[in-house]
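This report refers to the structure that appears directly beneath it.
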Amino acid sequence: MTKNISPSELYEKMLKDENITIIDLRSPDKFKNHKIEGKDNFRILNIYYAQMIETGDIDKDMKNYITKNLSNAISKDQPIYVICSEGGTSEIFARNLSELGYDVYNVVGGMKEWFNYYDYKTVIETPELSIYQVSRISRGDLSWIIISNKEATIIDPLRHIEKYTDFINQKGAKIKFILDTHAHADHISSGPKLSKILNVPYYLHPYDAIHPIDMIPGKLNFEYLKDGDVFNLGSAKIEVIHVPGHTLGNVVFLLNGKYLFTGDTIFILSVARPDLGGRGETWAPLQAESLYKLTQLPDETIVLPAHFSKISEANEQGLYIEKLGNLKKTNDALNLLITKGKEEFIRFMLSSLPVFPPQYVEIKRVNAGLIEVDDEKADELETGKNVCALSQAYV
Amino acid sequence: MNYDVMLDVRGLNCPMPIVKTKQELNKVESGKILKVLTTDKGSIKDFQGWANTDKTIELIKQETEKDENGKEIYVHYVKKK
C-alpha cells in the first residue's frame with residue numbers, strides 16, 4: 001500500500017527535524033533549479049526516473065533499478081518520501097518501492113503543490129491583537145496578517161491572493177488596507193491586485209514606485225507611505241520607519257511599539273543585501289545606517305522578517321521571529337555591525353553578495369506595474385528560493 | 001521535418017511519454033528519428049531534461065501544432081544516436 005503525504009504534513013515533519021529521506025525523481029536540471037531543503041536530519045537524493053527505464057515495462061524497470069542501484073543508499077527501516085514534478089511518476093515509484101518492502105510516502109501533487117504551498121502559524125491571538133505568519137515555504141517567503149477588533153491588514157502579501165482573503169474571511173475580519181515594506185525583487189506582490197479587488201488602499205513608499213534599474217516611474221495605483229506615518233487598525237497602532245538600503249523606499253512597520261515587521265532589513269540569520277537595485281556600492285552605506293538605526297530599538301522588540309533562508313531558523317512554534325536583543329548576538333551580520341562599526345560592516349556586505357538572479361529585474365517590473373504576467377510566467381519568474389540575504393545565509 | 005517513426009502518446013501524462021519513447025527507441029536502429037506527439041505540456045521540459053542526461057539520444061527539435069479541434073499538441077523529434 002502506498003501512503004500519501006501532503007506538503008503540509010511533510011513540512012511539519014521537517015520542522016520537528018524528524019529523520020527524512022526524500023527521493024526526487026525529476027531531471028537534474030529541474031532539481032538544480034529548485035529543491036526541497038530541510039534541517040539536519042534531512043537527506044535528499046536526486047534519482048532521475050528516465051534513467052531507470054530500460055525495457056519500457058515501467059514497474060519491472062523501476063524494481064530492477066531499485067534492487068541494483070538503491071539498496072545501499074536507502075533503508076527499509078526508515079520512511080522514504082518520494083516526489084516528482086506533479087505526483088504521477090512518484091506514485092508509481094512509491095508503489096514499486098513499497099512492493100519491495102520499503103516504508104514509503106508519496107508526496108501528493110509533487111513539486112507543483114510544494115511550490116505553491118502556504119503555511120499558517122499564529123504569533124498571538126486575542127480580540128485586540130492577532131498576528132499570523134503566512135509563509136510560502138518553498139521560497140522562504142514570509143508575510144504577516146494583523147487583525148485588531150476585526151480590522152485586518154496584510155504586510156508584504158505574496159502572489160496568491162486567496163491565501164489571504166480566505167483566511168481573513170474565516171477569522172470574520174475585514175481588510176482595511178494593504179502594506180508593502182518595499183518593492184520586492186524576488187517575488188510578485190499581490191498588494192496592487194488585492195487593493196483593486198477589495199477596493200482598499202495599497203501603501204508603498206513612493207521611492208519604490210520607480211524601477212531602480214530601468215529608472216522609469218512605475219504604473220501603480222498606490223498611496224504614499226512616509227517616515228513617521230501612523231496607521232490605526234482596530235485598537236492597534238502601526239508606525240512607519242523609513243530605512244533605505246535594500247531599496248530606496250524600504251520601510252519597516254512597528255506595531256504597538258513591540259512587533260517590528262522588518263521586511264528585507266534584518267532577517268533571523270543575516271541581513272538584506274544592498275545591491276538588488278543595481279547600485280550596491282552606493283546603497284550599502286545607507287543600508288548600514290538604516291540597520292544601525294534599527295538596532296537602537298529596545299532589545300525586547302520582536303523581529304518579524306519577510307524571508308527565511310533555512311527552515312532551521314524557525315522556533316519551536318514554527319515561527320521565523322526572534323527578539324532584537326537576541327539577534328544582536330546570534331545574527332553574525334548584525335553582530336559585526338554593532339561590534340566592528342559601519343565601515344567594516346559595509347566592506348563585509350559588499351564582499352558577501354550572492355549571484356544577482358537576472359529575473360529579479362523583471363519581477364520588479366511586474367511589481368512596479370510596468371508589465372503584466374500570467375500565472376505560468378509568474379511561476380517561472382518565482383522559481384527557486386529567494387536570494388535576498390547576504391551570501392552566508394545560503395551556505 | 002523528416003522522421004522515420006511516429007509515436008502518438010497523446011492523452012498520457014508524465015512519466016509515460018518518455019517511457020513509451022524509450023520503449024520505441026529500443027526497436028529502431030541508430031540514426032533513426034522518432035516524431036513523438038504529446039498533449040502533456042510538462043513534456044516540453046521533460047524531453048529537454050531527458051536529452052541533457054541521456055547520451056544515447058538527441059532532441060533535434062520541439063514544436064507546437066494544433067489538432068482539428070484547435071487543441072495544442074507538443075511535438076518532439078528524438079534521434080537515436
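Side notes on the structure shown:
- Test: residue in the range A:332-342 that is in a loop (DSSP other than H, G, I, E, B), touching a residue at least 60 places away in the same chain (Cβ under 8 Å) and over 17 Å from the mean Cα position of the chain (by Cα): no
- A:LEU390 touching a residue at least 40 places away in the same chain (Cβ under 8 Å) and over 16 Å from the mean Cα position of the chain (by Cα): no
- Hey, A:THR181 touching a helix residue (DSSP H, G or I) at 6+ places or on another chain (Cβ under 8 Å) and under 29 Å from A:ILE371 (Cα atoms) or not: no
- Residue match in the range A:189-199 (condition: closer than 23 Å to A:LEU294 by Cβ, touching a Leu at 6+ places or on another chain (Cβ under 7 Å) and not in a helix (DSSP H, G or I)): no
- Single match in A:THR21, A:THR55 (criterion: farther than 18 Å from A:PHE115 by Cβ and at pLDDT 95 or above): A:THR21
- Condition met for A:ILE92 (outside the structural domain of A:PRO358 (by TED's automatic domain parsing) and either in a loop (DSSP other than H, G, I, E, B) or more than 23 Å from B:ASP40 (Cα to Cα) (or both)): no
- For the condition surrounded by 22 or more Cβ atoms within 10 Å (Cβ to Cβ), more than 23 Å from A:ASN19 (Cβ to Cβ) and either within 24 Å of the chain's Cα centre (by Cα) or among the polar types (S, T, N, Q) (or both), A:ILE155 qualifies.
- Among the residues of the range A:259-269, not a single one is touching a strand residue (DSSP E or B) at 6+ places or on another chain (Cβ under 8 Å), part of a helix (DSSP H, G or I) and either in the same structural domain as A:ASP227 (by TED's automatic domain parsing) or buried (at least 21 other Cβ atoms within 10 Å of the Cβ) (or both).
- Residue satisfying condition, being modelled with pLDDT of 95 or more, buried (at least 20 other Cβ atoms within 10 Å of the Cβ) and closer than 12 Å to A:THR262 by Cβ, within set A:PRO274, A:PRO305: A:PRO305
- The range A:221-232, residues that are buried (at least 20 other Cβ atoms within 10 Å of the Cβ) and either touching a residue at least 40 places away in the same chain (Cβ under 8 Å) or touching a His at 6+ places or on another chain (Cβ under 8 Å) (or both): A:LEU225
- In the range A:36-62, the residues that are in contact (Cβ under 8 Å) with a residue 24 or more places away in the chain and away from every other protein chain (no Cβ under 14 Å): A:ILE36, A:GLU37, A:GLY38, A:LYS39, A:ASP40, A:ASN41, A:PHE42, A:LEU45
- Some residue of the range A:64-81 being on the phi < 0 side of the Ramachandran plot, of a type in the set (Val, Ile, Thr), more than 10 Å from chain B (Cβ to nearest Cβ) and under 24 Å from the mean Cα position of the chain (by Cα): no
The values are calculated or read from the model by the stated rules, or taken from the named source; none is laboratory data. What you see is a predicted model; the values in this text were computed from it and never measured. Every residue, glycine as well, gets a Cβ built from its backbone with ideal geometry; the counts of neighbours run over all protein chains shown.
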